[in-house]
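Student: So that we are looking at the same thing, I have put the structure below in structure tokens.
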Amino acid sequence: MKVKIIGNGAWGNALHNVLKENCSSISMWNRSDRVDADIFVLALPTQAIRSVLALIAPQKKYITIINASKGIEQITHKLPFQIATELLGSDLDYFCLTGPSFANEVIEKMPTIVNLGYMRSKNKEIVKNLFQTDYFRVRIVKGVMMLEMASALKNVYAIMCGLADGLGFGTNTRVKLIILAMEEFYRLYKKLHLEIDIAVIPGTVGDLILTCNSTESRNFRFGKMLAKNPAKESLQRIGSIVEGYYTVSSIPYLVNKYNVELPLALLTREIIMDQNHSKIRKKFIDFIKRV
């Protein structure tokens, strides 16, 4: 099968290294290329997914999409699978790949385990075998909503964990934030009529723990910078996409649509949007003391 990776950043290149171990026909795709692959792997910012798939849709009807992007589209508040099915049809052969996997460690072949979520049973073993290596282990799970929601929201919570670190709080506080984040996951999943079981731990809990605990995470570094700098300045210092920054705009939508309490996510949005940067420490302390 011919595979094209869309997105030539660190994550796209890391996945290219994984896939070339099992696939003899794999390359990076750009907007000037013909749509001549069977499988497209999305490893680009979520805000760019719609424009890229709009180019693909008129050229190729029957393709497999594997989403490795993490976030929620602004304005529409759609997850990647919702964007893809809108543009390519509800019968699309769609997968999402998510789990604890920093790009540089994947390139260095450090062992990890991820989830491959699917919408239909078609090609699931083929796709799994494309990614499966002795260091990049893949667990197949049915469904993509839970995995894509978790992979978007964990970036929001990583910002708050980075902020706590930047404000001088230690490991106990960070773990408390992770626990609060997991509680918010569970409340939202209950409203979505989704159940967490052991099979989805890599793409839900595993990815959350990884992203909330390391400066390898751009979202964590962004949060740490927020302790001393306004959001726009912090973004400039990062110099690359911080998905959690865009995802926070969808938090009020999720709260209202599903009638769910997400106080930690809402606080993250409030802190990012607040023009009075001097109040950040007080807001964080007030929150962490009362929950």
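The values are calculated or read from the model by the stated rules, or taken from the named source; none is laboratory data. In this text the structure is predicted, and so the values were computed from the model without any measurement. For neighbour counting, all protein chains shown are included, and Cβ atoms are generated from backbone atoms with ideal geometry for every residue, glycine included.
Student: Any chance you could count how many residues in region 229-263 are within 19 Å of Cys212 (Cα to Cα) and either in contact with a Ser or Thr (Cβ under 6 Å, 6 or more places away or on another chain) or not hydroxyl-bearing (Ser, Thr, Tyr) (or both)?
Tutor: Within region 229-263, the subset within 19 Å of Cys212 (Cα to Cα) is 231, 234-235, 238, 240-248, 251, 262-263.
When the remaining residues are screened for being either in contact with a Ser or Thr (Cβ under 6 Å, 6 or more places away or on another chain) or not hydroxyl-bearing (Ser, Thr, Tyr) (or both), the result is 231, 235, 238, 241-244, 248, 251, 262-263.
The total comes to 11.
Student: Determine the pairs where a residue that is in the same structural domain as Ser234 (by TED's automatic domain parsing), located within region 267-286, has a partner that is among the small types (Gly, Ala, Ser) and in a loop (DSSP other than H, G, I, E, B) with Cβ atoms under 8 Å apart, the partner being 6 or more residues away or on another chain.
Tutor: Between residues of region 267-286 that are in the same structural domain as Ser234 (by TED's automatic domain parsing) and residues that are among the small types (Gly, Ala, Ser) and in a loop (DSSP other than H, G, I, E, B), the close pairs are Ile280/Ala227; Arg281/Ala227.
Student: Just to be sure I understand the filter: pairs with C-beta atoms under 9 Å, separated by 6 or more residues or on different chains, first member in region 213-225 and under 13 Å from Gly239 (Cα atoms), second member assigned to a helix (DSSP H, G or I) and of a type in the set (D, E, K, R). Which pairs pass?
Tutor: Filtered contacts from region 213-225: Arg218/Glu243; Asn219/Lys154; Asn219/Glu243; Arg221/Arg237; Phe222/Arg237; Met225/Glu233; Met225/Arg237.
Student: Which of the following residues is touching a His at 6+ places or on another chain (Cβ under 8 Å), surrounded by fewer than 21 Cβ atoms within 10 Å (Cβ to Cβ) and not in a helix (DSSP H, G or I): Asn229, Asn213?
Tutor: Details: Asn213 fails: touching a His at 6+ places or on another chain (Cβ under 8 Å).
Residue meeting the stated conditions: Asn229.
Student: Go over the candidates Ile107, Ile178 one by one and state the one that is under 20 Å from Ile272 (Cα atoms), among the β-branched types (Val, Ile, Thr) and modelled with pLDDT of 95 or more.
Tutor: On the way: Ile107 fails: under 20 Å from Ile272 (Cα atoms).
Matching residue, one of Ile107, Ile178: Ile178.
Student: Select from region 27-75 the residues that are small (Gly, Ala, Ser) and surrounded by fewer than 21 Cβ atoms within 10 Å (Cβ to Cβ) and write down the one among them that is farthest from the chain's Cα centre (by Cα).
Tutor: First, pick out the residues of region 27-75 that are small (Gly, Ala, Ser): 27, 32, 37, 43, 48, 51, 54, 57, 68-69, 71.
Subset that is surrounded by fewer than 21 Cβ atoms within 10 Å (Cβ to Cβ): 27, 32, 48, 51, 54, 57.
Details: Ser27: 23, Ser32: 27, Ala48: 14, Ser51: 18, Ala54: 21, Ala57: 23 Å.
Top of the filtered list is Ser32.
Student: From the list Tyr245, Tyr258, pick out the single residue that is buried (at least 19 other Cβ atoms within 10 Å of the Cβ), under 21 Å from the mean Cα position of the chain (by Cα), in the same structural domain as Leu180 (by TED's automatic domain parsing) and of a type in the set (Phe, Trp, Tyr).
Tutor: Going through Tyr245, Tyr258 in turn, just one is buried (at least 19 other Cβ atoms within 10 Å of the Cβ), under 21 Å from the mean Cα position of the chain (by Cα), in the same structural domain as Leu180 (by TED's automatic domain parsing) and of a type in the set (Phe, Trp, Tyr): Tyr245.
Student: Starting from region 165-184, take each residue that is in the same structural domain as Glu216 (by TED's automatic domain parsing) and touching a residue at least 40 places away in the same chain (Cβ under 8 Å) and list its partners that are part of a loop (DSSP other than H, G, I, E, B) and of a type outside the set (Asp, Glu), counting only C-beta distances under 6 angstrom and pairs at least six apart or across chains.
Tutor: Gly166/Ala227; Leu167/Ala227; Glu184/Leu262
Student: Which numbered condition trips up Ile241, out of (1) over 22 Å from Ala48 (Cα atoms); (2) assigned to a loop (DSSP other than H, G, I, E, B)?
Tutor: Going through the list (1) over 22 Å from Ala48 (Cα atoms); (2) assigned to a loop (DSSP other than H, G, I, E, B), Ile241 breaks only (1).
Student: Here is a follow-up. Return a yes/no flag: does region 118-141 have any residue that is among the β-branched types (Val, Ile, Thr) and more than 24 Å from Ser24 (Cβ to Cβ).
Tutor: Step one: of region 118-141, the residues among the β-branched types (Val, Ile, Thr) are 126-127, 133, 138, 140-141.
Narrowing the set further to residues that are more than 24 Å from Ser24 (Cβ to Cβ) leaves 141.
Checked region 118-141: at least one residue is among the β-branched types (Val, Ile, Thr) and more than 24 Å from Ser24 (Cβ to Cβ).
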